[in-house]
Amino acid sequence: MGHGDDIMATAMAKGAHDRGRRIAFGNGKEIIWGPFSKEIFKNNPNIAPPGSERDKDIEWIKYYKGHRIYNNNGGTRWLWNYDFKVKPGEIYFDQAEFSSSLVGLANDIVFIEPNVPNKPCAPNKQWPVERFKQITKILMKRGLMVMQPEYGGPNRVAPGLKTRSFRDGMVLLSRAKVAILPEGGLHHAAAALGIPAVVLFGGFVPPSVLGYDLHTNLTGGARACGVFNRCPHCVQAMAQITVDEVLAATEKHLT
């Protein structure tokens, strides 16, 4: 999951600094960060970086790649831990990010992201792009400012603002009144930022494990299977989520 894994970690670390502690994510001996950890943990006083293993204020949480708590590798699919329930994390923007031109936007945009990461499971997480275009057209006709992050993703459905990094994307997301997103890093970011969202889960990931209560989580009526590669069940689940259903959920968050 990448960025999302690290955003979930920030929830596990909440309040540590207030107790005079910092959380070390790793195996109890080595702090293990992923490729996006530095970006997501930036400015976070609750989290200890690699090299801090022997500091006296360390508390260990065994959460790292290969030991994510919320699932296990079943060979061809993820096996979900239904005893786990994700909590909203935290993002610490710095002064430069607060002064970004992205922050100058009105805080009532509809943030939309039609792209999913280019992974074998991508078809299982992709709501049809034509439906993203339809809902964008409807919302814009109603006078709403719909925007998507522009970073080179293949699908363009709305006016884009250049985002040089995932953090830039989160700054743009922080200006949204509501977001329409696939399940993934940005839906975890939306929860961390307190942004309501319509999240397109389909049949790959269970909202009961990785969904947030402040969001509307749409599954197409499917139970999550977690299959690593293209799965007809997951594709069908996405097809079951209609434009009208997403529109109704979006309008509910806008009122």
Completion exercise
Sorted on mean Cβ neighbours within 10 Å (highest first), peptides 199-206, 167-174, 127-134 come out as 199-206, 167-174, 127-134
Handout entry: Formal net charge of residues neighbouring E39 (Cβ-Cβ distance under 15 Å; K, R +1; D, E -1)
Key = -2
Completion exercise
Rounded to one decimal in nm, the spacing of the 7 Å Cα→Cβ label points at D108 and Y151 is 2.8
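Tally Lys/Arg at +1 and Asp/Glu at -1 over every other residue whose Cβ is under 15 Å from the Cβ of P49; what's the total? Can you show the working numbers first?
Details: positive: R21, R22, K38, K42, R54; negative: D6, E30, E39, E53, D55, D57, E59.
Taking every other residue near P49 into account, the sum is -2.
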Practice task
Within the set of other residues whose C-beta is less than 12 Å from the C-beta of V157, count the net charge using Lys and Arg as +1 and Asp and Glu as -1.
Solution key: +1
Practice task
Calculate the length of the line joining the C-alpha centroid of the range 66-80 to that of the range 143-193, in whole Å.
Solution key: 28
Completion exercise
So for the chain, using the alpha carbon gyration tensor with a ≥ b ≥ c as root eigenvalues (a/c under 1.5 gives rounded; past that, a/b versus b/c decides prolate or oblate), I'd call it oblate
Fill in the blank from the handout: Whole-Hz Karplus couplings 3J(HN,Hα) for the range 212-224, θ = phi - 60° and coefficients 6.51, -1.76, 1.60, Gly and Pro as x, run 10, 5, 7, 9, 9, 10, 9, 10, x, x, 9, 8, 5
Practice task
For V227, enumerate residues with amide H under 5 Å from its amide H, sequence gap 5+ or separate chain, H modeled in the peptide plane.
Solution key: W78
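Let a ≥ b ≥ c be the square roots of the eigenvalues of the Cα gyration tensor of the range 1-128; is it rounded (a/c under 1.5), or, if not, prolate (a/b larger than b/c) or oblate?
oblate
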Handout entry: DSSP-defined beta bridges in the chain - what % are antiparallel, rounded to 5
Key = 20
Exercise for the section: Show me 244-250, 65-71 ranked by packing, highest mean number of other Cβ atoms within 10 Å first. Expected result: 244-250, 65-71
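Just so you know, all these numbers are worked out from the coordinates, no wet-lab data involved. Note that the structure is predicted; figures quoted are calculated from it, not measured. Please note: Cβ atoms are built from the backbone with ideal geometry, for glycine as well, and neighbour counts cover all protein chains shown.
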